[in-house]
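First comes the structure, then the notes that go with it.
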Amino acid sequence: MRSDYCGTLTAKDIDREVTLCGWVDRRRDHGGVIFIDLRDREGIVQVVFDPDTGDHFNLADRVRGEYVLQVTGKVRARDAATVNPNMATGEVEVYGTGLTILNEAETTPFPLDSHASVGEDVRLKFRYLDLRRAEMQKGLKFRSKVTNLVRNYLDDQGFLDIETPILTRATPEGARDYLVPSRTHENKFFALPQSPQLFKQLLMVSGFDRYYQIAKCFRDEDLRADRQPEFTQIDIETSFMDEEGIMSVTEGMIRTIFQTLKEVDLGDFPRMTYADAMQKYGSDKPDLRIPLELVDVKDLMGEVDFKVFSGPAKDPKGRVTALKVPGGNEKLTRKQIDDYTKFVGIYGAKGLAYIKVNDKNDLEEGLQSPIVKFLPTDVRKAILERVEADNGDLIFFGADKATVVSEALGALRCKLGEDLELYTCEWAPLWVVDFPMFEEEDDGSLNSLHHPFTAPSCSPEELEKSPETALSRAYDMVLNGTELGGGSIRIHNQTMQQAVFRALGIGEEEQREKFGFLLDALKYGAPPHGGLAFGLDRLIMLMIGAGSIRDVIAFPKTQSAACVMTDAPGAVDEQQLKDLHIRLRKKEKPASE
């Protein structure tokens with residue numbers, strides 16, 4: 001039906017007869033000559049109809065926005081005065097000689113102009129219209145280029161693209177599963193995979209030593225701007241390769257993507273331990289574009305006459321930390337400081353103490369803050385020296401449980417970097433390594449920091465003796481404060497796997513019931529293996545500067561995990577429920593009724 005895409009026509013096509021198909025982006029009538037901007041996925045071209053074309057001119061006079069047309073005509077150069085440098089096709093136009101209206105269109109619920117302000121609920125309700133906008137099409141086309149590059153890169157590295165099941169069984173991977181009732185197995189359920197983790201490990205046991213998959217994954221969890229109930233992973237697993245090898249291959253893949261599509265050389269990725277990241281930045285995914293660092297002052301605060309500081313300083317699980325903002329006295333108003341106090345409250349902080357450094361040499365009058373009176377002169381001096389304060393600086397303090405302080409001041413550091421435009425570069429990648437194996441819950445139990453199939457850096461005996469201090473062979477790739485991907489060397493020995501299960505409180509019976517197939521597989525010559533999974537949606541969002549992963553997914557869900565376009569999830573009829581052996585519980589009426 002067409003010979004060319006609208007947006008691909010250039011001066012090289014002048015005098016060519018072309019047939020185009022697309023949507024009417026705009027129609028204008030200038031003195032008896034009709035101009036139609038015709039749009040398809042590649043862009044827009046101007047089509048001109050004059051009265052000499054007879055019936056086709058009359059037909060062009062009828063068209064309206066978003067009509068679907070087929071146009072035949074000759075490409076010609078625009079007059080010099082009408083060249084549009086803002087359009088890829090701005091040097092040419094098509095003199096229309098034929099026109100067919102393939103379909104008419106009603107007025108759209110919102111303008112498709114990229115500059116129009118439209119609520120996200122409306123955009124998602126009419127997503128098929130939203131996707132016609134150039135901005136959205138650009139994002140999805142970019143996504144396609146990335147996945148094509150990924151496949152080519154991994155193919156060249158000897159990886160095989162292998163699909164794994166979508167219907168599987170529930171496994172503990174840190175989030176709630178989406179469950180699927182079985183019609184043929186009464187009272188039993190499948191689960192949609194949170195990741196292909198166990199299947200890709202079994203592929204390694206099977207001898208497919210280099211696997212990848214662009215995999216759909218599902219997690220029933222609370223949503224944020226960078227989360228969706230269903231998302232896409234670039235999933236990678238390989239045998240006979242250690243951490244260095246896996247990190248080298250995957251780093252090369254990301255560098256290739258940026259070099260090819262963004263003409264950006266990310267360079268070699270620096271390494272940082274988890275402990276250093278938490279101590280300096282309060283986050284295991286630090287944004288290294290921001291030069292601010294957290295400085296621990298716990299040892300200086302144990303004896304001060306201020307329980308807000310001395311309490312956490314004496315608590316083994318407490319932390320007292322300073323965050324210096326160079327020139328903050330002039331950059332931040334009292335209202336902004338109050339706003340930042342409210343901001344850290346989101347992360348559990350009870351307040352945000354500060355000191356304004358007016359004159360660092362005058363420890364009595366040169367420091368401005370409600371808390372200065374509680375700090376002895378020697379403590380004031382030590383704080384200023386430790387944070388390397390200068391006149392005009394502002395120092396924020398966090399004092400609480402270590403987890404609260406790290407999360408609150410880590411988030412404040414990022415917000416200050418954004419608000420004060422402190423970024424020192426455009427892209428800052430790194431690897432975070434040496435993660436703890438486990439994190440301790442309030443009740444003293446342990447949870448896997450990554451997942452229970454991650455190999456520790458110690459022996460099974462050492463793990464069982466001191467699980468809370470064990471480190472893992474895990475590694476995360478971070479870019480601009482966002483985790484792009486996480487991975488680890490996996491456990492390939494049954495004895496070690498059972499030791500990890502025991503540390504997590506998973507007894508023998510539960511091990512067999514949930515993971516018997518894995519434990520059996522580890523007995524039959526499982527090779528050393530490891531891998532990594534990247535969040536594709538998150539990667540695309542970062543690369544094109546989108547505000548949400550919903551802008552780089554064709555048909556995303558809302559923050560309540562609903563599809564307002566199809567009205568999903570929806571009710572099903574009684575017969576379907578009966579076939580699945582399901583009976584719905586009716587809500588009990590309040591007693592007052």
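What follows draws every value from the coordinates through simple rules; no lab data is involved. Bear in mind the structure is a predicted one, so any value in this text is a computation, not a measurement. Here the Cβ positions follow ideal geometry from the backbone for every residue, glycine too, while neighbour counts run over all protein chains shown.
Once you place label points 7 Å from the Cα toward the Cβ at residue 76 and residue 299, how far apart are they in nm?
8.3
Under a Cβ-only charge scheme (Lys and Arg +1, Asp and Glu -1), can you give me the dipole magnitude of the range 6-103 about the Cα centre, in debye to the nearest 20?
180
Amide H to amide H, which residues 5 or more places from residue 490 or on other chains are under 5 Å from it, using H placed in the peptide plane?
The list, which skips near neighbours in sequence, is 455, 529, 530, 531.
Subtract the Cα-Cα distance of residue 116 and residue 585 from 0.36 nm times their separation in residues, and report this length gain in nm to one decimal.
164.3 nm
Which distance in nm do the two modelled labels at residue 359 and residue 152 give, with both placed 7 Å along the Cα-to-Cβ direction?
6.6
Hey, what do the phi angles of the range 101-108 turn into as Karplus ³J(HN,Hα) couplings, whole Hz, using 6.51/-1.76/1.60 and θ = phi - 60°, x for Gly and Pro?
7, 7, 6, 8, 9, 6, 4, 6
Evaluate E = 1/(1 + (r/R0)^6) for residue 52 and residue 216, where r is the Cβ-Cβ distance and R0 equals 45 Å; express this FRET efficiency to the nearest 0.05.
It comes out at approximately 0.25.
Setting aside same-chain residues fewer than 8 positions from residue 586, which lysines have a Cα under 29 Å from its Cα?
Filter leaves 188, 557, 578.
For the range 6-103, restrict the atom set to alpha-carbon positions and state the Rg and Dmax in Å.
So, for the range 6-103, Rg and Dmax equal 12.0, 34 Å respectively.
Sort 369, 248 by Cβ crowding within 10 Å, fewest neighbours at the top.
By the 10 Å Cβ count, ascending: 248, 369.
Multiplying the sequence separation of residue 465 and residue 424 by 0.36 nm and subtracting their Cα-Cα distance, what value in nm do you get?
Extending this stretch completely gives an extra 10.3 nm.
Over every pair of different alpha-carbon atoms in the chain, take the mean of 1/r and invert it; report that Kirkwood radius in Å.
28.7
Are there DSSP H segments in the chain that both extend 20 Å or more along their axis (alpha-carbon positions) and score a mean Kyte-Doolittle hydropathy of at least -0.5? List them, or say none. Could the numbers behind the result be given before it?
Working: long enough: 134-156 (33 Å, -0.81); 243-262 (27 Å, 0.10); 402-419 (25 Å, 0.36).
Those that clear 20 Å and a mean of -0.5 are 243-262, 402-419.
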